[in-house]
Structure formats: C-alpha cells, structure tokens
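Asks: The structure follows.
The values are calculated or read from the model by the stated rules, or taken from the named source; none is laboratory data. Everything quoted here is computed from the prediction, not taken from an experiment. Positions of Cβ are backbone-derived with ideal geometry, glycine not excepted, and every protein chain shown enters the neighbour counts.
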Amino acid sequence: MNTPTAPVTPRKVTKAIIPAAGLGTRFLPATKAMPKEMLTVVNKPIIQYALEEAYEAGIREFIIITGRGKAAMENHFDYPYELADTLQKKGKLAELELVTNVVPKDARIYYTRQGEPLGLGHAVWCGHTITGDDPFAVLLPDDILCRNNGNDLKRMIDLYETTGQSVVLAEEVPAERTSNYGICDPAGPVAGGAMPIKGFVEKPKPEEAPSRCAIVGRYVLSPRHMALLANGKPGKGGEIQLTDAMELVAKDEGFQAHLLQNPRFDCGDKVGFQMANLYFAMNDPYIAPRLQPFLQQTAAKYERRQAPREA
Ligand code: UTP
C-alpha cells in the first residue's frame, strides 16, 4: 500500500461547491416546477441554510451547480430591486433586511450548469474551473446541520488546514442502516472527534461494514479530486461517483472523518424535511408556543388511532 503523502502546506479553504442540479423526485409533484433546494424550512429555503453555515465556516466563494428549471435559486440570491423599493416605501424595514441581506457583502456566488444529472461526482466536477488548484468544501444542501454545538464544517476546514488531508463528515448510524450509506473504513481510532480513514465501502450489509460511520453531506476535498473526477468513469447506477475519487485520494494522500457534533436533518427525504420544519419552528419564539398545543393534540389523536381497540 502507498504511504499517504499530503501536501505540506495546505491552502486555506474559502470556496464551496453546492450541488443543486438533482431532480428531487422524492418530492414530486412539488419539485415539478420548483427546485427542491427552494423548499422552505419555516421561512427560509433549504439552500440558504447551507450558505449561512458555510459563510460562518469561512467560505467566501460559492459555486452553485444548477440545472434545468432551477432559476428560482438564482432569483433568491439576487438583489430584489422592486421588492426592496416597495418595502422601503412602506417602512417595512425588518422585511427589507430579510430580503436584501440574503448574501453577505463579501461573498460571491457563481452558477454553473450541469447539463444532465450524471451523479454527484459529475456535479462536483462542474465546479472545477472556479476551484482551480484550490481545496474546496462540498455541501449537499439537502442536509441541514444545526450549529448549537459549534460549526461542524468549520471543524472540518480546520482539520484540513492542519493535516492537509481531505475530510468527510461522518455520522454513526445503527448497524441495520449501513446498507443505505457510504461507510468509512477506519485506519485508526477516533481522537479529538476525528478518525483517520483508508477508504470507503458503498452501502455494505451490516456484517460486511468496516464501521458504522456513514458519510453525510459535507466534504472538504483536496484539489486532486478534480483531476480524478475529470477522468471519472460511470460507477454504480451509471453515475460518476464522488466516493470513487475519494477512495483513490484516501490511498494516496490519506483521509480523515470528522464525527458530527450536532443534529442533522436529511431534507431530501419527506420525514427528515418535516422534522426539520418542526425542529426550527419549535425554536422560534413566535411559532413555538402557538404550535405546541396543536402538536400535542395531533400526537394524542395519532396515539388513539394506533392503540389496539378494546374487545
Ligand atoms: P440526491 O440524489 O439526494 O438528490 O443528491 P436528487 O437526485 O435531487 O433527489 P431524489 O433522490 O431524486 O429525490 C444530493 C444532492 O446532490 C445534487 C442534488 O441536487 C442534491 O442537492 N445532485 C445530485 C446534483 O447536483 N447532480 C446530480 O447529478 C445528482
């Protein structure tokens, strides 16, 4: 086996790719004419949560991978002249603030199209002209990460900048669920919330899984990934898989997994999406006290329906 050789002085990570060109079939018909990434959790589209998290972690250049029918995302991040003017004239200054400060002043957003949804690896590669020779983060906007216990992406960036090794976010899953995820193959024990890894196993059966650490939607990747993706051959399902490039990098440069320290919601799935809405709503001082009695009544009705009928 090759000895991993990471770059000696890794560059700072200030660029992020946000793949948002997928079809969102699990949310049809809502996503027939609207991007999945624009579905709202309380009052913000899910892609805005990713942008805010990445900005807080130090990202200043955002590369959003778009596709057909995704123009609403560009409109969302644009400056809304007419709306801003109307809100200003009506004196609605709080609302004005909400629509004009969606993108911080020192952040730049680039959009690039993925002509066909050929998989996550291909979507990431579509950002290569902007990442150039720099390392970059990847955020799958479907995953909303809470930040009450610090910013996990920031910790991943710090780990990359100190070790020079790419970092994937990992969450421990129950043994029976390993076959739903890419699973990390550990090269050593967990220390300080991170674990060195030597490779990845795609959707293993529980008895074949090398760990229970599942890859979830955040990555900090060395520039080498782009070169590998450029020559990427379609893997599982005819798609260009990001994990195929990561596997090669793990062998050559070494790789780290950062273990998630916060709640995560998979908003690409209907259940995770509803949970995210309830979680953020119950943290909102206006909504929470009004929603709570309704939730209790609804849960009680559900329990009564589920209870076995008395003979
Ligand atoms: P998913 O596979 O979860 O998204 O990809 P999807 O294909 O849109 O969803 P379903 O399964 O049909 O409901 C995770 C992220 O990667 C992006 C998606 O937009 C999503 O944000 N993606 C996926 C791309 O940008 N291009 C692709 O070819 C595939």
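Asks: Just to verify a result, which residue in region 219-234, among those that are within 13 Å of the ligand (Cβ to nearest atom) and modelled with pLDDT under 95, is surrounded by the most Cβ atoms within 10 Å (Cβ to Cβ)?
Replies: Residues of region 219-234 within 13 Å of the ligand (Cβ to nearest atom): 219, 229, 232, 234.
Narrowing the set further to residues that are modelled with pLDDT under 95 leaves 229, 232, 234.
Details: 229: 23, 232: 20, 234: 14.
For region 219-234, the residue satisfying everything is 229.
Asks: Follow-up question, since we're still on this one. Just to be sure before I move on: is residue 93 more than 28 Å from residue 122 (Cβ to Cβ) and surrounded by fewer than 13 Cβ atoms within 10 Å (Cβ to Cβ) in the structure I sent?
Replies: Working: more than 28 Å from residue 122 (Cβ to Cβ): yes; surrounded by fewer than 13 Cβ atoms within 10 Å (Cβ to Cβ): yes.
Against the criterion (more than 28 Å from residue 122 (Cβ to Cβ) and surrounded by fewer than 13 Cβ atoms within 10 Å (Cβ to Cβ)), residue 93 qualifies.
Asks: I've got another one for you. Looking at (1) modelled with pLDDT under 95; (2) touching an Asp or Glu at 6+ places or on another chain (Cβ under 6 Å), find the lone condition where residue 308 falls short.
Replies: (2)
Asks: Return yes when residue 280 is in contact with a strand residue (DSSP E or B) (Cβ under 6 Å, 6 or more places away or on another chain), closer than 25 Å to residue 24 by Cβ and away from the ligand (no atom under 16 Å from the Cβ) and no when it is not. Please lay out each step first, then the result.
Replies: Working: in contact with a strand residue (DSSP E or B) (Cβ under 6 Å, 6 or more places away or on another chain): yes; closer than 25 Å to residue 24 by Cβ: yes; away from the ligand (no atom under 16 Å from the Cβ): yes.
Yes.
Asks: Let me ask another. Taking into account only those residues within region 22-44 that are in contact with a Lys or Arg (Cβ under 6 Å, 6 or more places away or on another chain) and in a loop (DSSP other than H, G, I, E, B), which is nearest to the ligand (Cβ to nearest atom)?
Replies: Applying the first criterion (in contact with a Lys or Arg (Cβ under 6 Å, 6 or more places away or on another chain)) to region 22-44 yields 24, 27, 35.
Cutting the leftovers down to in a loop (DSSP other than H, G, I, E, B) gives us 24, 35.
Numbers: 24: 4, 35: 8 Å.
Here the answer is 24.
Asks: Checking residue 271 against (1) within 18 Å of the chain's Cα centre (by Cα); (2) surrounded by 14 or more Cβ atoms within 10 Å (Cβ to Cβ): exactly one of these is not met. Which one?
Replies: Failed condition: (2).
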